[in-house]
Amino acid sequence: MGKFSQFKLQLKSMPQGTEDIEYHLDKAFFENMENTDVKGADITVSLTATHKGDLYDLNFVITDEVTLLCDRCLDDLVLPIEATYHIGVKYGEDYNDDSDEVLEIPQSDNYLNVAYMIYDTVVLAIPARHVHPLGKCNRAMSAMLKKHRARTSDDEMEDELLDEIDQIESTDEGSTGTDPRWDALKDLN
């Protein structure tokens, strides 16, 4: 049995009509694909395969989450994944994937392995930049990064925002009074 034998879709033995198939992807799936970026996964893939004469209509719905490393602080980052993929498959002379809508496979193939279709769809659903929302990164790592990186205008703006968040958090924790600027505005009445 191969690494991806569970993803073999037996096309020639599929009866006319619709068949629903569900797959579960975990860390091992991405390790078998030799992907080192994905540190963990809990992904559900729902495949609806419809056999219509000489065409097989495949609809993939991919949901749940993957765990990656944050590009900024290197802590685990859990990202939700939602993606869909649709392709038609038909038999022909040779393998032909020139079209984005129809895949042609040789008559000699009894099955289609959908593992790589699923993998490509998941990887394309992951954003290119993996970072926590502003203010959610590991504080110690963010401070080290801030101390040692070269300065750019984007970095300065991000640092100012992080400093403001730190100030807001420290004033929220430390005092229950009002902001003196608002007090000065109240005196205008």
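Summing Lys, Arg as +1 and Asp, Glu as -1, what charge do residues with Cβ under 10 Å from the Cβ of G92 carry, G92 excluded?
Details: positive: K90; negative: D54, E93, D94, E104.
Charge balance near G92 sits at -3.
Figure the gain on full extension for V61 and W182 (residue separation times 0.36 nm, minus the Cα-Cα span) and round it to one decimal in nm.
Details: separation 121, 0.36 × 121 = 43.56 nm, distance 5.09 nm.
The span from V61 to W182 would gain 38.5 nm if fully extended.
Beta carbons within 10 angstrom, averaged per residue: use that to sort the peptides 107-113, 179-185, highest first. It would help to have the intermediate numbers written out before the result.
Working: 107-113: 12.9, 179-185: 9.0.
Output ranking for 107-113, 179-185: 107-113, 179-185.
Can you give the FRET efficiency to the nearest 0.05 for D26 and D75, using r as the Cβ-Cβ distance and R₀ = 22 Å? Show your work: numbers first, answer last.
Numbers: r = 21 Å, r/R0 = 0.94.
That gives a FRET efficiency of 0.60.
Highest mean first, what order results for 72-80, 23-31 on Cβ atoms within 10 Å?
So the order, starting with the most tightly packed, is 23-31, 72-80.
Which whole-number value in Å² is the accessible area per residue of the chain, probe 1.4 Å? Please list the in-between numbers first.
Details: 12340 Å² over 189 residues.
It amounts to 65 Å² per residue over the chain.
Counting pairs of alpha carbon atoms under 8 Å apart in space and at least six apart in sequence, what relative contact order in percent does region 64-113 give?
Working: 64 pairs, mean separation 12.1, N = 50.
Taking the mean separation of contacting Cα pairs over the length of region 64-113, I get 24 percent.
Of the accessible area of the chain, with the probe set at 1.4 angstrom, what percent is carbon plus sulfur?
Numbers: 6150 of 12340 Å².
Exposed carbon and sulfur together represent 50 percent of the surface.
How much net charge surrounds T50 when only other residues with a Cβ under 12 Å from its Cβ are counted (Lys, Arg +1; Asp, Glu -1)? Mind dumping the intermediate values first?
On the way: positive: K52; negative: E19, D20, D57.
Here the count lands on -2.
Quick check: Cα centre of region 62-111 to Cα centre of region 16-61, how many Å?
Region 62-111 and region 16-61 have Cα centres spaced 8 Å from each other.
Out of every Cα pair in the chain, what percent are spaced more than 23 Å from each other?
Working: 10740 of 17766 pairs.
Everything past 23 Å amounts to 60 percent.
For the chain, with only Lys/Arg (+1) and Asp/Glu (-1) charged at the beta-carbon, what is the dipole magnitude about the Cα centre, in debye rounded to 20?
Numbers: 17 positive and 40 negative charges, 91 e Å.
My answer is approximately 440 debye.
Residue by residue through region 4-11, which ³J(HN,Hα) values in whole Hz follow from phi under the Karplus form 6.51 cos²θ - 1.76 cosθ + 1.60 (θ = phi - 60°), with glycine and proline marked x?
10, 5, 5, 9, 7, 9, 6, 6
Extension gain T50-Q6, at 0.36 nm per residue separation less the Cα-Cα distance, in nm? Show your work: numbers first, answer last.
On the way: separation 44, 0.36 × 44 = 15.84 nm, distance 1.88 nm.
Additional length available on full extension: 14.0 nm.
The values are calculated or read from the model by the stated rules, or taken from the named source; none is laboratory data. As the structure is a prediction and not an experimental result, all values here were calculated from the model. Backbone-built Cβ (ideal geometry, glycine too); neighbour counts: all protein chains shown. The protein model used for the area step is the full one, side chains on, heavy atoms only, and it has no ligands, DNA or RNA in it. Shrake-Rupley method; radii C 1.70, N 1.55, O 1.52, S 1.80 Å.
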